[in-house]
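Structure record follows, encoded as C-alpha cells.
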C-alpha cells in the first residue's frame with residue numbers, strides 16, 4: 001500500500017455519513033440513498049488500489065464516485081421516475097418512529113427542497129455542505145472555483161425563494 | 001443585496017449545514033455495509049489479505065510462526081515433558097502442569113529505565129484493607145476468609161538480580177483487531193460497546209477487546225464456535241486438544257507457558273499460564289491482581305473446544321529497571337498487614353515461598369507488565385487451611401510515578 005494512502009476503512013468510517021447525506025439530498029427516499037451509498041463504497045473499495053492521493057483529496061475522489069453513482073441511478077430509473085420521486089417526496093412521510101424529531105423533519109423538508117432545484121444548483125449546495133471546498137466543487141462540476149462560488153450563491157438564493165414561496 | 005437578505009441567506013446556510021450534518025444512515029447501516037463489502041471481496045483478495053495479516057504478524061512478533069510450528073510438532077509427535085503439579089486450581093480438580101518453550105522475545109531497549117517513570121500496580125483490594133499501590137494480600141479462596149490475617153515469613157528469597165525487564169505494549173486500534181480477525185479468516189460483524197470488534201467466520205465468532213483498566217486485563221480475544229465443533233483427536237489429552245484448536249487458528253501462544261487442566265464433569269478448563277523470561281532469574285509468571293496466574297484459557301466439553309480466551313498478540317518492547325532487594329520485599333510484605341502475629345483472635349499466615357512474577361499495569365495509550373514479588377503461605381482457621389498471597393511491587397520506588 002502506498003505510504004500516503006490511509007487504510008480504506010478509515011475513509012469509509014470518516015465519509016460514510018457525509019456521502020449518505022449528499023446522496024440523500026439528491027434522491028427521494030432513504031432506501032435509495034442507502035442503495036446508492038452502498039454502491040459508492042463498493043466501487044470505491046474496488047478502485048482504492050488505483051487511488052492517487054497526490055492527484056486529488058480522498059473527499060473529492062469519493063464524492064466523484066458518489067456523483068457518478070447518483071447519475072447512474074437516475075439514468076437507470078429514468079427521469080420520469082426521478083421526477084415522481086422528487087414530487088412525491090414529503091418529509092413527514094419518511095419513517096421517523098419517534099415522531100419527536102421536529103427539527104429533523106424540518107431538515108428533511110429542506111433537503112427535499114434542495115432535491116427539487118435544477119441539477120447543477122442542487123449539486124453545488126450538496127457538495128458544498130458536505131464539506132468540500134469551492135475548488136473541489138468546481139473540479140467536480142467542471143468549472144472554475146469562482147464559477148462554483150457563483151453557482152452556489154445562486155443556488156442558495158433560489159432555495160430561499162423556494163422556501164418563501166412554499167411558506168407564503 | 002440588502003443586509004436583512006444577507007442575514008436570511010446566512011441563516012439558511014446554517015440550516016443547510018445542520019441538515020447535512022444530521023442526515024445520517026440508520027443505526028447499523030455502517031457495520032452492515034462494511035460486512036457486505038468484506039464478504040463480497042473475491043476469495044483471492046481475502047486470501048491475500050489474510051496472508052498480509054499473517055506476514056504483518058510475523059514482522060511484529062518474529063518468533064510466532066516458529067513457535068506455532070514447534071508447538072504443533074510437539075502435539076503431532078505426542079512428545080512433551082509432563083510434570084505433575086501439586087498445585088490445584090479448585091476443589092476436586094485434576095491438575096497437570098506441562099512446560100513448553102516458545103521463543104518470542106520482545107524488542108529490548110538498551111538504556112535502563114527507558115520507559116521513564118512507571119505507573120504503580122493496582123492490586124486487588126486486600127481483605128485487611130491495605131491500600132494500593134502498596135503490597136496486597138489475597139487468600140484462596142479469599143471469599144471464604146475476609147478477616148484480618150497476621151503474617152510471618154519463614155522462607156528464603158534469593159533475588160540475585162538487581163534489575164528486571166519491564167514490558168510495554170501499545171494499545172491496539174480497531175485496525176489491529178481487524179487485522180487479527182482477518183488473519184483468522186473472520187469478517188467484521190459489528191463493534192459492540194466495550195469491544196474493538198465482533199467478527200465471524202462460518203464456524204466461529206471472535207470478539208476482541210482492548211485493555212481493561214480495572215481489574216487490569218490486557219487486550220484479549222474470545223473465540224466461540226458457532227456450530228458444534230468436531231472432537232479433536234489428540235493423543236496427549238486436553239492440553240493437546242487445546243493446542244491443536246489454537247494452532248489451527250494460528251493462536252498457539254508465542255510465549256513461554258506452563259499448562260494446567262481443571263476437570264469438572266465433562267468440562268475441562270485448559271489453562272496456559274503465561275511466563276516472561278528474566279535474564280539471571282528464569283521465567284516469571286504473569287499474575288492478576290490477586291496473584292493468580294493466567295494466560296490462555298480453552299474450555300473443552302469432552303474433546304470438543306467450546307471457547308478460547310487469550311491475549312491478543314501484540315508487539316512488545318522491554319526496558320530494564322532497578323528492582324528492590326529481597327530484604328526490602330520481605331519488609332514490604334510483612335508491613336502489608338496492620339495486625340501483629342499473636343494478636344488475639346487473628347490467625348497468622350506463615351509465608352514460606354516467594355517468586356518474581358509480572359502483573360499488568362493499564363496506563364492508557366501504553367500499558368506495562370511490571371515485576372512484582374509474590375509471597376505465598378498458609379494459615380488455618382477452624383480446621384480449614386487457606387492459602388495466603390501477598391504481592392509486592394518490585395520496581396524501585398524512585399522509578400515509579402505514583
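Coordinate-derived values only; no laboratory data. Quick caveat: nothing in here was measured; it's all calculated off a predicted structure. Cβ: placed from backbone, ideal geometry, glycine included. Neighbour counts: every protein chain shown.
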Note: A:14-27 gets an average of partner chain Cβ contacts (10 Å, Cβ to Cβ) equal to 3
Using R₀ = 51 Å, calculate the FRET efficiency as 1/(1 + (r/R₀)^6) where r is the Cβ-Cβ separation of residue B:152 and residue B:266; round to 0.05. 0.75
Taking R0 as 30 Å and r as the Cβ-Cβ distance between residue B:3 and residue A:119, the FRET efficiency 1/(1 + (r/R0)^6), rounded to the nearest 0.05, comes to 0.45
With the convex hull built on the alpha-carbon atoms of region B:166-317, volume per residue in Å³ sits at 127 Å³
What does the structure give for A:148-161 when I average, per residue, the other chain Cβ atoms found within 10 Å of the residue Cβ? 2
Any chance you could run the full-extension gain for residue B:214 through residue B:173? It's 0.36 nm times the residue separation minus the Cα-Cα distance, nm to one decimal. 12.8 nm
In nanometres, what is the gap between the two model label sites at residue A:146 and residue A:31, each 7 Å from Cα along Cα-to-Cβ? 4.7 nm
With each pseudo-label sitting 7 Å past Cα toward Cβ, what's the residue A:133-residue B:26 distance in nm, one decimal? 3.8 nm
How many partner chain Cβ atoms sit within 10 Å of a residue's Cβ in peptide A:34-45, on average, as a whole number? 3
State whether region B:150-208 is rounded, prolate or oblate according to the following rule on the C-alpha gyration tensor (a ≥ b ≥ c being the square roots of its eigenvalues): a/c under 1.5 gives rounded; otherwise a/b larger than b/c gives prolate, and the remaining case gives oblate. prolate
As an exercise, use a Förster radius of 56 Å and the Cβ-Cβ distance of residue B:325 and residue B:382 to find the FRET efficiency, rounded to the nearest 0.05. 0.90
If a/c stays under 1.5 just call it rounded; otherwise compare a/b with b/c (prolate if a/b is bigger, oblate if not). Do that for region B:295-370, with a ≥ b ≥ c from the square roots of the Cα gyration tensor eigenvalues. oblate
Quick one: grab Rg to one decimal and Dmax as a whole number for region B:233-379, Cα atoms only, in Å. 18.7, 58
